[in-house]
Amino acid sequence: MINIDSESKIPMYVQIYREIKTDIVNGVLPAGYKLDSIRSLSDSLKVSINTIKRAYRQLTIEGFIINKRRKGYLVVDLNQYAPKKIIDGFVAEDDEKTRLDYQIDNIIDDKYKYDFTFQKKPIDYFPVSLWRKYTTEALFSYQNKKIGMYNEQKGELGLRKEIQKYLRISRGVQCNVEQIIICNGIQDTIERMCRILPKGVVGIEQPGLYLWREIFKSFGFPINYLNVYPKYSFFDDLEKSKSKVVVTTPSHQFPMGMTMSISERLKLIQWAEDNDAFIIEDDYDCELRYNSQPISAMQSIDKYGKVIYSGTFSKILMPGLRIDYMVLPKPLLKRYDELYAHYPSSSSWLTQQALTSFMSDGSFDKHIRKMRFLYKSKYLLIIKSIEEILGKKVEIIGTDAGLHVLLKVDNAHSQEELIELAKQQNVRVYSTNIFWDENAQSPNNLILLGFSYIDENKIVEGMNHLKEAWKQYL
């Protein structure tokens, strides 16, 4: 029986999603159980068909149910991937040179009229006036003496409290403030992890975010690659490895865009427990889903203390603020406290204080809603323009979330050629080579298009220029 509170501020599709999810987790709806059809449930609950579609879509994305042709929506067997005690304990939440050139050019190159980068954002997306207000208030507050001191070891307590509250509501993360560490960008986050993690092989998704790979290498960690594209062999590669740490982007794999299902998440957590290993969950763009509710963090179902949660404000605010954070599981907290007992936080007190005010008065939540709306508008436009202008010779990979899409261009000879042809039309597109350990492993015809920086009114125009640039392949 699904109960809906029509007076609740929680959308009805979210209420339905949560009720079904809880029943699946608690075994009320067993594996293989056939859910009511969309129309049938719509009629019985007296809600629209679209409401049921959205609830079922979210459950499907997270891997709780599967839609089988001619059979309908069936409950997935979660127990095959996790021991009974995990399922019983699950709590549903409450609410090389070319590479160096790539990084440098992406930061400083503004000579192209149509720049489809994913690493920059226009300043007009940032709440400058509010930020000035919060910064001024901090400088003239009774706490301003702190600017003359070294920072608190783990970051400002007020900010850690706000992050704790935000993560609990939005991501289902369960932690206390002592587990939250404020860091000065992702590089600082990774380096701190390198110092507290046990030495051993690190399993990293391939393709994946290159900073994790390069920094772990620089600290002397052997790397084992867990392939997700073009062939998906993540768990096969993991079983063959002797990894003690796994880095993964389960909610929105970077750069391919797939989502790790609940069954796979439980399987990975159990692997970590069985192999005395840790999982680093990089939740880099958790707020930016466009056609479904944000997916709960893997940390929210970790009953063993095996998941390190890594988050950032770079995507939803600005990368220049340099505020990231991590949530350490309790087994690693003692090691961190011992090693960093005399290290002050590396993030600016003034920035932390401004962000605390931004979050505490509700402005952060409003900003998230605004940015999700703006980016969704760009996302829909870029998908539509690719389909209508570039046509069927181009396949779109990685949709529904984030700030980029990948294009697979039929019959293209090399990424370098595609990029050069685009440059001749004043369009900047990006190679995916950097996301593989070796350039040769990257498919020749895969190109990255970001949409965070480009003006919305330039997207269609830019796509027409790409059509001209790649006409021999279209």
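Which of the pairs 267/370; 113/133; 240/334; 120/231; 199/303; 9/120 have their Cα atoms more than 26 Å apart in this structure?
267/370; 113/133; 240/334; 120/231; 9/120
For residue 165 and residue 132 in one chain, what is 0.36 nm times their gap in residues minus the Cα-Cα distance, to one decimal in nm?
That pair, residue 165 and residue 132, stretches by 9.5 nm at full extension.
Whenever you get a sec, line up 324, 236 from highest to lowest accessible area (probe 1.4 Å, protein heavy atoms).
Listed by decreasing accessible area, they come as 236, 324.
Regarding the stretch 216-310, what is the average projected area of its C-alpha convex hull, in nm²?
Result: 6.6 nm².
Can you report the principal axis dimensions of the chain using only the alpha carbons, biggest first, rounded to whole angstrom?
Sorted largest first, the three principal extents are 67, 58, 50 Å.
With θ set to phi - 60°, apply the Karplus curve 6.51 cos²θ - 1.76 cosθ + 1.60 along the stretch 423-430 and write out the HN-Hα couplings as whole Hz, x wherever there is a Gly or Pro.
Each residue's phi maps through the Karplus curve to give 4, 5, 9, 6, 10, 9, 10, 10 Hz.
Which order do 229, 33, 430 take when ranked by solvent-accessible area (1.4 Å probe, heavy atoms of all protein chains), largest first?
33, 229, 430
How large is Rg/Rh for the stretch 285-391, to two decimals, with Cα atoms and a Kirkwood Rh?
Computed over Cα atoms, the ratio is 1.07.
When only the heavy atoms of the protein chains count and the probe is 1.4 Å, how do 214, 162 rank by accessible area, highest first?
214, 162
Taking the alpha-carbon centroid of each part, what is the distance from the stretch 122-157 to the stretch 355-377 in angstrom?
Result: 17 Å between the Cα centres.
The values are calculated or read from the model by the stated rules, or taken from the named source; none is laboratory data. Because the structure is a prediction, the values reported are computed rather than measured. Note: accessible area is taken over every heavy atom of the protein model, side chains too, but ligands, DNA and RNA are not part of it. Shrake-Rupley method; radii C 1.70, N 1.55, O 1.52, S 1.80 Å.
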